[in-house]
1. Using the number of other C-beta atoms within 10 angstrom as an exposure proxy, rank PHE248, PHE85 with the fewest first.
2. Anyone know which of ALA58, ALA134, ALA84 comes out most mobile in the 10 Å Cα GNM of the chain?
3. So what's the net charge close to ARG190: Lys and Arg +1, Asp and Glu -1, counting the other residues with Cβ under 13 Å from its Cβ?
4. Evaluate 2.2 N^0.38 Å with N set to the residue count of the stretch 37-260, then give the Cα radius of gyration divided by it.
5. Which one, GLY149, PRO103, LEU35, projects farthest toward the positive side of the charge dipole computed for the chain from Cβ point charges (K/R +1, D/E -1)?
6. Pick out the long, greasy-scoring helices in the chain: whole DSSP H runs spanning 18 Å or more along their own axis by Cα, mean Kyte-Doolittle at least 0.0.
7. With each label point set 7 Å from Cα along the Cα-Cβ vector, what nm distance links ARG236 and THR223?
8. Rounded to the nearest 5, what % of DSSP beta bridges with both residues in the chain are antiparallel?
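Only the coordinates and a few stated rules stand behind these numbers; no lab work does. None of these values were measured; they are calculated from a predicted model. Glycine also receives a Cβ, built like all others from the backbone with ideal geometry; neighbour counts cover every protein chain displayed.
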Amino acid sequence: MNAPKPHWKTCCGVELYKVEYRIKEWLYKRLGIALPKLREQQSYWAYRGQAYRDEILASGYLDREVFFQDLILQELEAVPFASAFEAGCGFGWNVKRVKERHPQALIGGLDFSLPQLRNMQGYKPDVPIAAAQADACRMPLRDGAFDVGFSLGVFMNIHPSKIMDALAEMARVCRKRIIHVEWCASHATRELVEKRAFKTNIVSHDYDALYARLGLKPAKVLTHLDFGEAFRRHEREAAGRLDRWEGFEGPDKYTLYVFDR
């Protein structure tokens, strides 16, 4: 019987993505060199998406990340809606929980990673979700297709040259509310900004300024200064042991933005 094919390429038994991380970290900390941000991540997620669901579910990571998922659920419940979708739905962790909470609503999603979408079929298979393989910068959805659109840690993977396309699509597709839980360096601690500076797949965006160009102002902005203590309580009570090589970044990893139409 053949041994299972590993999800990740390795060098001397160490996954290459960890080797690349350490090289980028050394270049930044020792020489002050930050490599350019990735202009596209389709190939990265086409490969990483094969294993992402199983890795993340087994690590205890989601026991902590659910705090931020709860922020989205709270904002969804604050406005009447009949339909909602997630831009970058991955293997369905968010959209399937939303569907469980709102079974009568039309819940959908899109993601450019076909392996992620395939893995969605095996995650809570009793909660079916209509999801499309598509780029958030070019959504195959009609104008005003959904009442609400949301993202969790997805738009931080979009290159600065393309971010306005993605935000314009959110504004076009969403009738009532847009919810983002995303990375924003201006609302984070200096320590985390330094830790993320050399990462080529993570980008900070100024959502206030970018949405202002679309004529939208945030109805709500919450940062770690607002929910940090609540997150730390949640983390202390998290049931699962964290088994993740990079650990778990603190509450300043995300900022909550809500835009109402």
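1. Working: PHE248 15, PHE85 28.
Ordered by Cβ neighbours within 10 Å, fewest first: PHE248, PHE85.
2. Of ALA58, ALA134, ALA84, the most mobile in the Gaussian network model is ALA58.
3. Details: positive: LYS195, ARG196; negative: GLU191, GLU194, ASP252.
Charge balance in the 13 Å sphere: -1.
4. Numbers: Rg = 16.4 Å, N = 224, 2.2 N^0.38 = 17.2 Å.
Normalised Cα radius of gyration, the stretch 37-260: 0.96.
5. The residue sitting farthest along the positive end of the dipole is LEU35.
6. Numbers: long enough: 16-31 (22 Å, -0.77); 42-58 (24 Å, -0.90); 61-76 (23 Å, 0.17); 224-237 (20 Å, -1.65).
Span-like helices in the chain: 61-76.
7. Those two pseudo-labels are separated by 2.4 nm.
8. Details: 13 of 31 bridges.
Roughly 40 percent of the DSSP beta bridges within the chain come out antiparallel.
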